[in-house]
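Each remark here refers to the structure printed beneath this line.
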């Protein structure tokens, strides 16, 4: 069993990233040097933009992907600003704007404010994480890469014309677990409900499974804010295997309490009725 955890902080050409990950999976992770005629598959766990990447990988190379787990996945990438395609090298004005904004965003005080919004619990991160994030931005090409992100066109999925994240979910041929921190200020449960509804449009005869688990008192980065809870659910999901993912329990009972270093997390599995979008959910989910 191979698990690849995907998360992107800074990268300028999204599909270049996807191409690199596919090559890495195909030639490094799953390389068997001709010893087997059966191609194994990986299981992708993607947080935030890493969830978007996981969907693209599963659509482009379904022969490599056994399942995906979307942790507060974001359905968008790139602002598609006018005047430049986002392809490097950057022209003077986008590069200048990118430098100013990038220096502001990577300021340790700004990073701390971001984390305070992204996390449900301030105790779940410390100054070490802030410095680690800051360190990721110190490459000389960071300013231009950030500008490229801002000007990048919408991400395409399984074809050059398909740029809608939600409609692409209905085309996935692998099992999907939605695992969302309920207190995410950006990718709210309404987005997960919309994802669940799109996944429900798949042909049930194909045997594809999709399930949705919520984590109370957890924000946008559940893999870091609640590692014990996320690890428990993902391990059960993977251990169940293809044959049992639809019936094996992911949560012990109606809800389950998991102790993290900063406090307790409650995990609950939502069913089809819980995943129905009310009017407020529809308005929120339509924003992205």
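Do we have any residue at all in segment 15-34 that's in the same structural domain as residue 224 (by TED's automatic domain parsing), at pLDDT below 75, surrounded by 12 or more Cβ atoms within 10 Å (Cβ to Cβ) and over 15 Å from residue 65 (Cβ atoms)? Yes, the conditions are met somewhere in segment 15-34.
Residues satisfying the criterion are present in segment 80-93 (criterion: under 19 Å from residue 20 (Cα atoms) and either modelled with pLDDT of 90 or more or surrounded by fewer than 19 Cβ atoms within 10 Å (Cβ to Cβ) (or both)).
If the condition is being surrounded by fewer than 23 Cβ atoms within 10 Å (Cβ to Cβ) and either modelled with pLDDT under 90 or within 15 Å of the chain's Cα centre (by Cα) (or both), then segment 203-213 contributes 203, 204, 205, 206, 207, 208. In segment 62-143, counting only helices (runs of 4 or more DSSP H) that sit wholly within it, the ones holding 2 or more residues that are within 21 Å of residue 187 (Cα to Cα) span 108-118.
Those helices (runs of 4 or more DSSP H) of segment 166-247 in which at least 3 residues are outside the structural domain of residue 119 (by TED's automatic domain parsing) and in contact with a helix residue (DSSP H, G or I) (Cβ under 7 Å, 6 or more places away or on another chain), considering only elements entirely within it, cover 189-199, 222-225.
The residues of segment 107-128 that are in contact (Cβ under 8 Å) with a residue 60 or more places away in the chain and under 21 Å from the mean Cα position of the chain (by Cα), listed by number, are 117, 118, 119, 120, 121, 124, 125. Residue pairs whose Cβ atoms lie under 8 Å apart, separated by 6 or more positions or on different chains, with the first residue in segment 226-249 and farther than 20 Å from residue 271 by Cβ and the second assigned to a helix (DSSP H, G or I), are 226/124; 230/222; 230/223. Anything in segment 129-153 that is surrounded by fewer than 15 Cβ atoms within 10 Å (Cβ to Cβ) and over 23 Å from the mean Cα position of the chain (by Cα)? List them, or say none. Within segment 129-153, 138, 139, 140, 141 meet the criteria.
The values are calculated or read from the model by the stated rules, or taken from the named source; none is laboratory data. Not measured: the values here are computed from a predicted model. Cβ sites come from the backbone with ideal geometry, for glycine too, and all protein chains shown count toward neighbours.
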